[in-house]
Amino acid sequence: MDRSVKRRRFVQVAGTGLAVGLAGCAGDNGEDDDTGDDDAGDDHEDDGDEASEDVEEGLIYAFAPETIAVIDPEDGEVVDEITEGLDDEGWGDPRITADYDEIYVIRESPSQVLVIDTAAREIVDEIDIGPDGTHMYHPNDDEMWAHSDEEGTFYVIDTDSHEVTEIVESGLETEGHGKLLYHEDFGSMGYATNVNDPGAPVIDLENYERSDFIEFENEDEGTHYKAYAPETELAYFEFGDETVVVDTESDEVVDTLDFAGGMYLSPDEDVMGVLDGNEIRFLDATSEDSEELAVVEVDEGPDALRYHESEDGTLYAYTAHTQADEASVIDVEAGEVVETVEIGDIERPEGADHLHRTAVAGGGYFVSPADADGTVAVVDMEAQEAVDQVEVGEGVDTVQYVGDSGTGYTGSLR
């Protein structure tokens with residue numbers, strides 16, 4: 001991969017939502033059709049920019065069909081609401097700028113990105129994008145990249161002018177659910193995934209084009225979740241029921257793992273958790289051969305993995321359940337579930353094969369929406385207990401933390 005000198009500084013920001021998508025990501029609330037990085041969406045930890053003076057850090061924005069609630073997790077209450085112009089909304093990914101002064105969030109219909117001023121706590125702009133948007137990324141200080149699944153393209157939004165400045169064709173067939181993988185190690189380049197494409201498109205982030213395509217072996221499969229381990233410079237791509245490992249120096253496939261799912265790195269980027277059905281596989285992200293550290297069975301559908309290092313140095317992973325009203329707390333080194341906490345319930349549409357549930361971590365809290373109950377759970381990650389169930393409104397399914405989430409690089413925010 002060409003690692004030309006960067007024109008813009010690549011930042012690390014995370015935010016996420018709850019929904020169902022294609023087969024393990026987020027976008028709508030209910031059946032999962034391959035939408036998350038929860039990403040937690042997405043995709044990097046914020047690297048230390050200071051917030052604007054008027055921005056109050058530590059708040060949670062919770063998105064429901066009729067309202068955007070601003071929650072103070074310390075007090076466990078809604079301190080403000082945005083309702084003007086909202087009517088039975090569906091939400092895709094939210095993303096927050098590096099100085100925390102604006103939140104960008106995908107609005108499903110009409111196909112738009114809304115811009116929220118976090119100091120004024122109001123919607124300040126509506127930006128038209130292509131149809132069927134789910135995921136959005138913030139690869140540099142100046143831009144948001146929102147993906148249109150119907151077109152297989154990224155809409156590049158200038159964060160100063162709030163205008164679409166470029167449209168990047170990522171998918172080979174100009175359609176398909178897609179994601180973006182980027183890291184400061186890549187310079188001005190990145191990778192995309194697309195559920196219709198048998199490999200990874202290489203994206204030139206400065207020239208706004210697909211510059212190459214790394215083809216995988218099975219032409220009948222597509223790519224979805226993705227992650228990057230900085231220590232080894234290896235990129236991981238979900239490909240059917242396998243994970244393809246690519247050396248980002250040569251852009252060559254160097255390994256294939258016989259499992260696949262959402263991928264989440266710890267804050268120090270040394271451990272990667274992979275959601276594999278009702279199991280979470282924790283891998284050594286500093287190991288060239290992706291050594292397996294532990295396999296933890298989590299009943300009731302684990303999702304939305306977020307980490308917390310306790311005061312005694314123990315690394316815990318929190319995961320929200322899709323088939324129960326609980327979250328599990330996992331001691332990563334011990335490889336076992338040590339606690340479960342109640343966080344409210346989500347909708348489970350009849351016939352849905354895949355469900356997705358999200359969460360964010362910030363300020364020492366694990367926060368997860370429960371759309372069926374209309375609440376947002378606030379869990380104290382050090383105490384390992386739920387401290388509040390904040391009433392927001394039926395259908396609340398997406399949350400964004402204002403501040404440093406400390407979640408580390410995530411292969412998928414949704």
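The values are calculated or read from the model by the stated rules, or taken from the named source; none is laboratory data. Computed from a prediction, not measured in an experiment: that's the story for all the values here. With ideal geometry, Cβ positions are generated from the backbone for all residues, glycine too; neighbour counts draw on all protein chains shown. Accessible surface areas use protein heavy atoms only, side chains included; no ligands, DNA or RNA. Shrake-Rupley method; radii C 1.70, N 1.55, O 1.52, S 1.80 Å.
One chain, two ends: ASP255 and ASP160. Fully extended at 0.36 nm per residue, the span grows by 30.1 nm beyond their Cα-Cα distance.
Accessible surface for GLU297 stands near 130 Å², nearest 10, in the context of the full protein assembly shown (1.4 Å probe).
Can you give me the Cα centroid spacing of region 297-336 and region 202-241 in angstrom? The distance from the Cα centre of region 297-336 to that of region 202-241 comes to 27 Å. Under a Gaussian network description of the chain, with springs only between Cα atoms under 10 Å, the residue in VAL156, VAL341, VAL244 that fluctuates furthest is VAL341. Each 10 Å bin from zero holds the following percent of Cα-Cα pairs in region 139-216: 21, 55, 22, 2. An ellipsoid equivalent to region 55-96, defined through the eigenvalues of its Cα gyration tensor, has semi-axes of 19, 12, 9 Å when rounded to whole angstrom and sorted largest first. Of the residues TYR208, TYR228, ranked by 1.4 Å probe accessible area with the largest first, the sequence reads TYR208, TYR228. On the protein heavy atoms, probe 1.4 angstrom, tell me the percent of accessible surface of the chain carried by carbon and sulfur. About 33 percent, which is the carbon plus sulfur part of the accessible surface. Here the simple spin-label model places points 7 Å from the Cα toward Cβ, and for TYR208 and ALA334 these points are separated by 5.3 nm. Could you tell me which of rounded, prolate or oblate describes region 285-400, using a ≥ b ≥ c as the square roots of the eigenvalues of the alpha-carbon gyration tensor, with rounded for a/c under 1.5 and, failing that, prolate when a/b is larger than b/c and oblate otherwise? Oblate is the answer for region 285-400, as a/c is 1.5 or above yet b/c matches or exceeds a/b. When Rg and the Kirkwood radius Rh are both evaluated on Cα atoms of the chain, their ratio Rg/Rh stands at 0.93. The string of couplings for region 160-173 from the Karplus curve (6.51, -1.76, 1.60, θ = phi - 60°) is 8, 8, 6, 10, 6, 9, 8, 10, 10, 7, 9, x, 5, 9 Hz, one whole number per residue in order, with x for Gly and Pro.
In this calculation the C-beta distance from SER109 to GLU74 is compared with R0 = 45 Å, giving a FRET efficiency of 0.85. Here the spin labels are modelled as points 7 Å beyond Cα on the Cα-Cβ line, and at GLN323 and ASP99 they lie 4.8 nm apart. If you run the Gaussian network model on the chain, springs between alpha carbon atoms under 10 Å, then out of GLU391, GLU291, GLU89 the most flexible one is GLU291. On a per residue basis, region 98-238 carries 33 Å² of accessible surface, using protein heavy atoms and a 1.4 Å probe.
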